[in-house]
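These notes concern the structure reproduced below.
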């Protein structure tokens, strides 16, 4: 496998991704960020390029891109960067932390990132450019749509199907067999026990106060 990669982004998510790349023995040829990154030991020794145009100087046949831009509800930067360079013919690395557990029978699409402590079980399918973040659990037979983010500590029970651009926030829990429409946000700590339509936001239920 080609192990030379160019990392797009230099923030907090990028720091975790770069550590994963080092653990997996990738050759990191540079970071691409619009501003020089704040010094962090994890970035030490990696050249930094300050324009997206600098990516074009790298041969798309010999280098993989790593989308190290984080994902938050309502922000499209991560998707836009992925779309731009896919249309230019570049390929994105699919990364699995050595500290994650991924079934041999799960399917990870292009650009998926599985962060430390995450678990993905048999027959799960994760869509393009999605993040399964630290400590998240995606159970058997789930289908997570393209461009989605399962945030730290979220638990997705068996047979859940989501659309594209879904954000399951930190600590949320989805019971088995639920369908969640595209562009939907499940708030931190929420429990989902019924299907959700597209373009919805589900907040944590507030206790009744007398």
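The alpha carbon gyration tensor of the chain gives principal lengths a ≥ b ≥ c with a/c of 1.5 or higher and a/b greater than b/c, which makes the shape prolate.
Fewest neighbouring Cβ atoms within 10 Å first, the residues 25, 141 line up as 25, 141.
Across the chain, the relative contact order, built from alpha-carbon pairs under 8 Å that are at least six residues apart, equals 11 percent. Using C-alpha pairs below 8 Å separated by at least 6 residues, the relative contact order for region 4-93 is 35 percent.
For region 63-158, averaging the sequence separation of C-alpha pairs within contact (under 8 Å, six or more residues apart) and dividing by the residue count gives a relative contact order of 20 percent. Over the chain, dividing the summed -39,500 (n - 2.57) contributions of all DSSP H runs of at least 4 residues by the number of residues returns a 222 nm mean residue ellipticity of -3500 deg cm²/dmol. Go ahead and set up a Gaussian network model of the chain, Cα springs under 10 Å, then flag whichever of 99, 121, 193 fluctuates most. Of 99, 121, 193, the Gaussian network model singles out 193 as fluctuating most.
Spatially, region 106-174 and region 26-68 are offset by 26 Å when compared through their Cα centroids. Here the Gaussian network model covers the chain, with springs between Cα atoms less than 10 Å apart; of 195, 149, 179, 195 fluctuates the most.
Each reported figure results from applying straightforward, stated rules to the coordinates on display, with no laboratory input. These figures come from a predicted structure and were not determined experimentally. When we count neighbours, we look across all protein chains shown, and the Cβ atoms used for this are built from the backbone with ideal geometry, even at glycine.
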